[in-house]
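Asker: Quick one: structure below, then a few questions.
The values are calculated or read from the model by the stated rules, or taken from the named source; none is laboratory data. Everything quoted here is computed from the prediction, not taken from an experiment. Cβ placement follows ideal geometry from the backbone for every residue including glycine, while neighbour counts extend to all protein chains displayed. Each accessible area value is taken on the protein alone, full model and side chains, heavy atoms only, with ligands, DNA and RNA left out. Shrake-Rupley method; radii C 1.70, N 1.55, O 1.52, S 1.80 Å.
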Protein chains: 2
Amino acid sequence: MRATVLVRPKPGILDPQGEAVGSALGHLGFEVRDARVGKVIDFEVDATNAADAKAKVERMCEQLLANPLIESYEIEVTA
Amino acid sequence: MRATVLVRPKPGILDPQGEAVGSALGHLGFEVRDARVGKVIDFEVDATNAADAKAKVERMCEQLLANPLIESYEIEVTA
């Protein structure tokens, strides 16, 4: 199954990369607010069904893909 | 309006970060294939409607957020 994980800095956590993107867009004439930059991770994982895949990916997030202190994650699984 | 942009390395483009994630997950006992790592960028943008917002964000992607030679992007706009 195909898994997509979105990992984002939690609200209130300093995000220098997001600030840089916001200010660079401003210099180009695009007015944006609250720019935040995170990661998107895609991969194939073996699982018997979507619930099983989601549970596996959740363990991957807790152990490696996200830092739960400062990042939140969102999991999407498609066949 | 709230914009979310997913920027991913194009197929065939080397992705060392994705390879590192895949191999680190393997060491933890999770078998995954084809791991790829990209960016998710969230921000607020002023626009009169969703189509206008999407057109603006597309220009931001072409000019700054993505490198169209090696990255593809996906735009989502919500009110």
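Asker: Would you pick out the residues in region B:1-44 that are in a loop (DSSP other than H, G, I, E, B) and of a type in the set (D, E, K, R)? Working first, answer last.
Answerer: Step one: of region B:1-44, the residues in a loop (DSSP other than H, G, I, E, B) are B:1, B:10-15, B:28-31.
Across region B:1-44, the qualifying residues are B:K10, B:D15, B:E31.
Asker: Also, I was wondering about something else. Quickly run through region A:49-73 and pick out the residues that are among the acidic types (D, E) and assigned to a helix (DSSP H, G or I). Give the derivation first.
Answerer: If we filter region A:49-73 for residues that are among the acidic types (D, E), which is where we start, we get A:52, A:58, A:62, A:71.
Hits for region A:49-73 are A:D52, A:E58, A:E62.
Asker: Identify, by number, the condition in (1) outside any helix (DSSP H, G or I); (2) open to solvent by 50 Å² or more (accessible area, probe 1.4 Å); (3) at the interface with chain A (Cβ under 8 Å from one of its Cβ atoms) that B:E76 doesn't meet.
Answerer: All conditions are met except number (3).
Asker: Let me ask another. Within region A:8-21, track down each residue that is within 9 Å of chain B (Cβ to nearest Cβ) and crowded, with 19+ Cβ neighbours inside 10 Å.
Answerer: Looking only at region A:8-21, we keep the residues that are within 9 Å of chain B (Cβ to nearest Cβ), and these are A:8, A:17-18, A:21.
Within region A:8-21, A:R8, A:G18, A:V21 meet the criteria.
Asker: Within region B:30-52, identify whether any single residue is free of Cβ contacts under 8 Å to residues at least 60 places away in the same chain, more than 9 Å from chain A (Cβ to nearest Cβ) and crowded, with 20+ Cβ neighbours inside 10 Å, and answer yes or no. If you could, list the steps in order and put the result at the bottom.
Answerer: In the first step, residues of region B:30-52 are kept if they are free of Cβ contacts under 8 Å to residues at least 60 places away in the same chain; the result is B:30-52.
Keeping just the survivors that are more than 9 Å from chain A (Cβ to nearest Cβ) gives B:47-52.
This time we only want the ones that are crowded, with 20+ Cβ neighbours inside 10 Å, so: none.
The answer is no, given that none of the residues of region B:30-52 is free of Cβ contacts under 8 Å to residues at least 60 places away in the same chain, more than 9 Å from chain A (Cβ to nearest Cβ) and crowded, with 20+ Cβ neighbours inside 10 Å.
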